1. Find which of 281, 234, 259 sits farthest along the positive direction of the dipole of segment 170-287, computed with +1 on the beta-carbon of Lys and Arg, -1 on that of Asp and Glu, about the Cα centre.
2. Once you order the gyration tensor axes a ≥ b ≥ c over the Cα atoms, which shape class does segment 1-84 get: rounded for a/c under 1.5, otherwise prolate or oblate by comparing a/b with b/c?
3. Between residue 413 and residue 175, how many nm apart are label points set 7 Å from Cα along the C-beta direction?
4. So which aspartates and glutamates can residue 237 reach, going by Cα to Cα under 20 Å and dropping same-chain residues fewer than 8 places off?
5. Scan segment 6-91 for GluC sites (Glu not before Pro) in coil per DSSP, keeping those whose Cβ has at most 16 other Cβ atoms within 10 Å, and list them by number.
6. Taking Cα atoms, how many degrees apart are the long axis of helix 79-88 and the longest axis of the chain, rounded to 10 and kept between 0 and 90?
7. Based on Cβ point charges of +1 for Lys and Arg and -1 for Asp and Glu, what charge dipole magnitude is obtained for segment 227-363 about its Cα centre, in debye rounded to the nearest 20?
8. So, with +1 on the Cβ of K and R and -1 on the Cβ of D and E, and no other charges, what is the size of the charge dipole of segment 170-257 about its Cα centre, to the nearest 20 debye?
Amino acid sequence: MDRRQQEQTIVNLIRALGTSLKNRRLYPPSHPLVRSAVDKCFSDILLFFTERQELALAISDGTLVFEGVPIFNLTSSLDLFIARLSAIGIPAVVFEKGLAPEDIERFILFLHETKEEGLSSSDVQERIEKMGVTHIRVKPPMDEEEDDYSLARNTYDNAVNAVVLLMQEIRMGRIPSGAESERVVKDITGMLKRNRDAIMALTLIKNFDEYTYNHSVNVAVISLAMADALSLSPQEKAEVGVAGLLHDIGKTQLALDLIRKPGSLTFQEFEEIKKHPEEGFVLLGKMPHIRPTSAYMVREHHLRYDRKGYPVLGPDYPVNPHSQIIAVSDCYDAITTMRAYQKAKQPLEALEIMGKLSGKSLDANILAVLKSVMGSYPIGTMVRLNSMEVGVITGVGPAGMGPIKIQVLVDRQGNPLPRPEEVELVEIAATTPHTRRSILGTVNPLLYPEAQKGALLSTPPS
Ligand SMILES: [Fe+2]
Ligand SMILES: [Fe+2]
C-alpha cells in the first residue's frame, strides 16, 4: 500500500470504529449494526498486518497521526471516535498482529462505558486488559511523542517523496492519477492550519541536489499560505496547492543535463526550458484527478503579469486570476535558494528585488499578499538582538502578526552556541519592561557561516 491507500484505509477504519461506537450507544453488542461495523474495522486492520506487526495511531491535539504524519483527511463525521479517545486521555492506540474482532468489540465497549476523563495511559491499559482486550495497547512508544515541528517535518518529507515518485513515474512514460498530489496538498493545508510557522520554516531547507523536488514543495507551501491570506475557498486552495506542487512537472520532458546545467544557458537551451509550462499543462490535462484550473495555472506560471513571458498566449487569452500566486511564490523560492550560478538572497532582500518586478512580471497586489504573509521579519531572516546576540527568525505567527520566535545561534561575544536557544519576543520594539530582547536589525548571514550551518531546523527547538 502506498501512503494514500494507507490513509484511505485508516480513514475507513476510523469511520467503522466511530459507527460502531455510535451504534453501541443505541443497540446491544450482538446487534448486526454493531457487529458489521466491527467486522469492517477488523478487515481494514488486517490489510496492515500483511506488511507490519502493528498499526499505531496517535492523537495529537485532536489530529490523528500515522507514522509521524498527521492525517487531515478526516471529515467531521469521524470525530466521535477521536473525540472519545482524547476525552478519556488516550494518546495513541496500537493494534497488534494477532488481534481478534472481540478485542475491537471490547475496546469499543470500554470507550462507550468509560465516563471519566483524563485518565493516564497505564490506567486505561489496565482497564482494557481487565475487560479481556489482548492485542490493543494504548501506551505510546516512548519516541512517538510528536511536536508540531516533527509533524511538519514529516509532512514536508512526505510531500518531497511524493514529488520524487511522481516525477519518476512520468519520466518512465506513465501518467499518474494525481490523487497522491491532492492528498499531499491536503496534508500541507492541514499543517499550515495547525502550525503555520513550523511548516513555513521548512521551506528554508534549500537542498541543492534535490532542488526541483524541494522547490516544488516550497512553492506549494508558500502558495497555500498566500491562498489562506486571500481567504480563497477550500476548492480554490486545493487547486492553487496542486498547481504549486506540480508547476515545474513539465521539466520531466526535458533532458536532465539541461535542467541541472550550472551557469548560463545558450539561446537554444533557453528555448527548450521555455517549453516546460506548456508540457506541464499537457501532462496535467491527462491526470484524471487534476482539475483543469490547476493545469491552467501551471501553463501560466511564467507568463508574467504583463504577459511578456512564455508561452506566448495572445492578448485575449483569459489568464487565471490565481496564476500569479504561483508565479510570486516560485520567484520568492528561487531567489532565496542558492544555486550553482547564484547566491541565496535573504528573505527581505528577496522581497526587495521582487518589489522591482512589481507591475512587470509580478502583480503588485499578489506581491503585497506575499509580504503580509512573510511579516516584517520573514522566517529565515538573520537578525541581531539588542542583547548583541545573533539569531534566525523561526516563527512570526499567523499572517505574520504573532509573537516573533528566534533561534539564537551566536552569543553576545560572537561565539556560536553549541545548541541554538529558542526565544520569543513579546513585541518587536522594546517598549515594554517585560521584553528582555528585541531586534536591532538584520545581519548578513555570510558573517556567521559557522552559525548558519547549524541553523534552523536541523535542530528543531526542544
Ligand atoms: Fe517553472
Ligand atoms: Fe519553479
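1. The listed residue farthest towards the positive side: 234.
2. Oblate, since a/c reaches 1.5 and b/c is not below a/b.
3. Result: 6.6 nm between the two label points.
4. 180, 182, 187, 197, 228, 248, 300, 330, 333, 363
5. On the way: sites: 7, 51, 54, 67; in loops: 51, 67.
Filter output for segment 6-91: 51, 67.
6. The answer is roughly 70 degrees.
7. Numbers: 17 positive and 18 negative charges, 46 e Å.
Charge dipole, segment 227-363, about its Cα centre: 220 debye, nearest 20.
8. Details: 10 positive and 11 negative charges, 33 e Å.
Around 160 debye, computed over segment 170-257.
Rule-based calculations on the coordinates, nothing more; no lab input. Being a predicted model, the structure only gives us computed values, none of them experimental. Neighbour counts run over all protein chains shown; Cβ positions are idealised from the backbone, glycine included.
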